[in-house]
Amino acid sequence: MRLLIPVLFSIWIAFSAPCAESIERGFSPAEKEELQGLRQISQTFRAVARKVRPAVVHLRCVLPQQPLGAIRSESPESGDDNSKTTSIGSGVIFDPNGFILTSYHVVLFAEEIQVFLEDRREFEAQLISFDTISDLAVLRIDARNLPTVELGDSETAEVGDWVLAIGSPFGLQQTVTAGIISATGRDFSSGEDNPYVGYQNFIQTDAVIYSGSSGGPLLNLDGEVIGITHNNMAMAIKHKIVHQYKGLSFATPINFAKNVLKYMKQGYAPQRAYLDGVGLLDVDAGIAEAANLDRIYGAQVQFVKRNSSAERAKLRTGDIILACGDTEIRNKVHLRGLIACADINKEITLVILRDGQEQQLRFKPEPGEVIAEDTIFGFSLINLTRPLADIFGSESTEGALIYSVKQGGKGRRIGLVPGMIIVSINGMNIPDINAYSQAAKRFSLDEPILFVVKYQNSIKLIRLLPRPREAKENADESEE
């Protein structure tokens with residue numbers, strides 16, 4: 001028997017070598033070249049995965065019972081406590097000091113956020129700020145010297161480009177899928193009353209993004225993040241629920257985040273640039289022919305309101321906006337998206353066609369939302385619009401929504417968190433941020449302050465007790 005085994009092995013070697021050669025001979029030179037190209041793509045996928053996976057995190061959120069009327073979080077599961085559920089999602093580390101970017105709907109209403117790193121370390125995270133317009137949120141964990149992702153330029157992404165997505169579908173961490181960009185500039189706001197109206201500019205991909213992958217990166221072949229993924233975002237908006245993958249997945253272009261991350265990291269609400277007071281129409285074949293355009297692109301101005309940023313930009317009815325900065329405009333959604341990605345503190349240049357001549361107009365954009373800052377408690381507030389009320393489960397649009405809360409501030413210490421709706425302070429009704437600003441002028445830290453807030457479809461009372469007498473005396477002495 002001992003002699004038989006080496007003999008059989010020698011026979012297998014003798015027959016297998018010619019088989020391998022015959023297989024190799026079965027390919028033509030052109031086919032061999034194509035195979036080599038495929039192997040190179042495979043090597044690229046490997047390199048991107050190795051580069052990025054250490055900076056992709058798995059999120060597990062502890063939620064209360066699902067608030068009525070609110071958009072469901074990602075992949076809800078039953079928790080140990082009958083009154084609790086858990087949801088899962090993904091995120092990317094974009095700053096080595098523990099800052100994580102994810103989708104806001106993943107952490108919406110989370111009472112606890114657990115973060116799992118690729119190296120198996122676990123952390124508790126705090127929600128620092130969020131942006132309902134782009135469905136983005138910034139978290140922070142207590143860690144330093146972390147691996148980070150590289151943020152790319154989503155405006156360079158084109159239909160047909162290879163992309164990779166990394167996430168935790170159904171809790172299977174560090175899952176990598178591949179596909180192509182199927183479309184850009186997807187807009188689902190038409191006819192819908194949702195918080196994304198006017199700003200939707202999603203990237204569509206056929207890369208598989210299941211429940212649990214939302215918040216993870218969409219990557220180009222250079223390993224750069226060009227989008228933050230959603231699991232079937234169109235259905236999430238329409239039906240207020242995240243469905244399973246049906247061959248369509250979407251991502252928020254990373255350019256929507258790049259200019260506001262520096263503010264969100266500090267706990268400020270992101271302010272997006274906005275061209276107000278203008279009606280726009282996509283250029284069609286008839287408009288393009290009448291304007292002698294060589295192809296169909298751009299957005300035509302239908303009307304301009306008085307005392308608006310559009311009027312200050314000197315736009316006129318009939319103008320065709322061809323470019324924003326150096327970027328050619330595909331349509332009105334593309335234009336709004338480019339302006340929303342711009343730095344609100346810098347002028348924006350528009351290239352227009354007027355009376356057959358190209359001209360350049362410059363304007364300083366307006367903030368898309370009015371934001372109030374409370375410097376005493378360290379948080380940002382915005383008015384509660386109907387779409388925002390739907391997200392946060394409020395039947396009424398009265399109240400001031402806490403948009404972000406600074407770390408270490410008084411607000412966070414007493415339990416105020418992003419997503420709470422302030423409805424009264426010390427018995428004073430708060431219908432909007434103006435009323436809050438007036439009430440805040442009467443604050444005295446030497447007296448108790450009682451906040452009445454809506455959160456997770458319930459009413460909560462949050463009290464700040466007056467400063468101890470010793471602290472007050474020390475403060476008075478230091479002022480002298």
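The values are calculated or read from the model by the stated rules, or taken from the named source; none is laboratory data. Every value quoted in this text rests on a predicted model; they were computed, and no experiment measured them. Glycine also receives a Cβ, built like all others from the backbone with ideal geometry; neighbour counts cover every protein chain displayed.
Number of residues in the range 389-410 that are assigned to a helix (DSSP H, G or I) and either surrounded by 24 or more Cβ atoms within 10 Å (Cβ to Cβ) or among the aliphatic types (A, V, I, L, M) (or both): the value is 2.
This table checks each residue for (1) under 25 Å from ILE128 (Cβ atoms); (2) in a loop (DSSP other than H, G, I, E, B); (3) modelled with pLDDT of 85 or more.
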site: ARG412; (1), (2), (3): yes, no, no
site: TYR436; (1), (2), (3): yes, no, yes
site: PHE451; (1), (2), (3): yes, no, yes
site: LYS454; (1), (2), (3): yes, no, yes
site: ILE462; (1), (2), (3): yes, no, yes
site: PRO466; (1), (2), (3): no, yes, no
site: ASP476; (1), (2), (3): no, no, no
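Residues in the range 157-183 that are among the β-branched types (Val, Ile, Thr) and without any contact (Cβ under 8 Å) to a residue 40 or more places away in the chain: VAL159, THR175, THR177, ILE180, ILE181.
Looking at the structure I just gave you, is PRO365 crowded, with 22+ Cβ neighbours inside 10 Å and either in contact (Cβ under 8 Å) with a residue 40 or more places away in the chain or in the same structural domain as GLY277 (by TED's automatic domain parsing) (or both)? Yes: the conditions hold for PRO365. Among the numbered conditions (1) assigned to a strand (DSSP E or B); (2) out of contact with any Leu (no Cβ under 9 Å at 6 or more places or on another chain); (3) of a type outside the set (A, V, I, L, M), the only one that ASP142 does not meet is (1).
When the range 113-139 is filtered for residues that are under 23 Å from PRO270 (Cβ atoms), acidic (Asp, Glu) and part of a loop (DSSP other than H, G, I, E, B), only ASP135 remains.
Results for (1) part of a strand (DSSP E or B); (2) surrounded by fewer than 22 Cβ atoms within 10 Å (Cβ to Cβ); (3) within 16 Å of the chain's Cα centre (by Cα), shown as yes or no for each residue.
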{"residue": "THR252", "(1), (2), (3)": "yes, no, yes"}
{"residue": "ALA257", "(1), (2), (3)": "no, no, yes"}
{"residue": "TYR268", "(1), (2), (3)": "no, yes, yes"}
{"residue": "GLN271", "(1), (2), (3)": "no, yes, yes"}
{"residue": "ASP276", "(1), (2), (3)": "no, yes, no"}
{"residue": "GLY279", "(1), (2), (3)": "yes, yes, no"}
{"residue": "GLY286", "(1), (2), (3)": "no, yes, no"}
{"residue": "GLU289", "(1), (2), (3)": "no, yes, no"}
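Scanning the range 95-109 for residues being part of a strand (DSSP E or B) and under 13 Å from the mean Cα position of the chain (by Cα) gives a total of 4. The condition of being out of contact with any Ser or Thr (no Cβ under 7 Å at 6 or more places or on another chain), under 16 Å from ILE228 (Cα atoms) and modelled with pLDDT of 90 or more holds for only one of LEU139, LEU117, LEU146, LEU101, that being LEU101.
Got at least one residue in the range 200-222 being assigned to a loop (DSSP other than H, G, I, E, B), crowded, with 17+ Cβ neighbours inside 10 Å, modelled with pLDDT of 95 or more and touching an Asp or Glu at 6+ places or on another chain (Cβ under 8 Å)? There is at least one residue in the range 200-222 that is assigned to a loop (DSSP other than H, G, I, E, B), crowded, with 17+ Cβ neighbours inside 10 Å, modelled with pLDDT of 95 or more and touching an Asp or Glu at 6+ places or on another chain (Cβ under 8 Å). The one condition from (1) under 16 Å from LEU59 (Cα atoms); (2) among the hydrophobic types (A, V, I, L, M, F, W, C); (3) surrounded by fewer than 22 Cβ atoms within 10 Å (Cβ to Cβ) that VAL92 does not meet is (3). So which of GLU358, GLU347, GLU328 is more than 22 Å from the chain's Cα centre (by Cα) and more than 22 Å from TYR297 (Cα to Cα)? Among GLU358, GLU347, GLU328, only GLU347 is more than 22 Å from the chain's Cα centre (by Cα) and more than 22 Å from TYR297 (Cα to Cα).
Among the residues of the range 346-358, are any touching a residue at least 24 places away in the same chain (Cβ under 8 Å), on the phi < 0 side of the Ramachandran plot, not assigned by TED's automatic domain parsing to the domain that holds ASP187 and not in a strand (DSSP E or B)? No, every residue in the range 346-358 fails to be touching a residue at least 24 places away in the same chain (Cβ under 8 Å), on the phi < 0 side of the Ramachandran plot, not assigned by TED's automatic domain parsing to the domain that holds ASP187 and not in a strand (DSSP E or B).
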